[in-house]
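What follows is calculated from the coordinates using simple rules that are stated; it is not laboratory data. Worth saying up front: this structure is predicted, and the values here are computed from it rather than measured. A quick note on method: Cβ atoms are made from the backbone with ideal geometry, for glycine too, and the neighbour counts reach across all protein chains shown.
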Amino acid sequence: MFDVITNGLSALGSLGVALLMLLENVFPPIPSELVMPFAGYLSAKGQLSFVAIILMGTLGSVGGAALWYWVGRWTNEDRLRRFISAYGRWLTLTNTDLDRALAWFRRHGAGAVFFGRMVPGVRTLISVPAGLTRMPMLPFLLYSAVGSLLWTTALALAGYLLRSHFDRVADWLNPITNGILLLLLAVYLWRLVQSFLRS
């Protein structure tokens, strides 16, 4: 996974940062924790503009959030519940999970969107309840943009500051990211089997 990300950024530059951050929000296995630090490292080497990678990373992240927001707006709670009842086991998602997510979002509102942009695993999901509950688009985009800006800046700055140590980090980061993806797959399969055993 690390090699795919690094090759993509090297080839596409700042546009690649936006594209990968967009995809990270649509397909969470692409982690921003790899994309932005490597972009920061390329910036430290003079290959990319630091300001450009922050702006493009934020733009891609907000674009992915907006996509899921519109999925939430397009559907409604009843339709989503029917979908979860029919296909939720394949996503290891239950209507109880939806109840919890909606209750948490309704309690925290704008704060959930803002802080959710900085929490791994939540970044993608937080946009759906925002759309479902018809949160106004402008505040949603504003809170998403500010949260994403802080997150992308922090990650890019980490890569920028690593500079000469980045090559050493890369040597162990690739097997670790592959291991994390395998672990996520194992957890998914375990939850899927449990879902079938319960039914």
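Taking a Cβ cut-off of under 13 Å around residue 76, the surrounding Lys, Arg, Asp and Glu residues balance to a net charge of +3, with basic ones at +1 and acidic ones at -1.
Taking each residue as 0.36 nm, the span from residue 81 to residue 108 lengthens on full extension beyond its C-alpha to C-alpha distance by 7.5 nm.
Residues 104, 151, 190 in ascending order of nearby Cβ atoms (within 10 Å, fewest first): 190, 104, 151.
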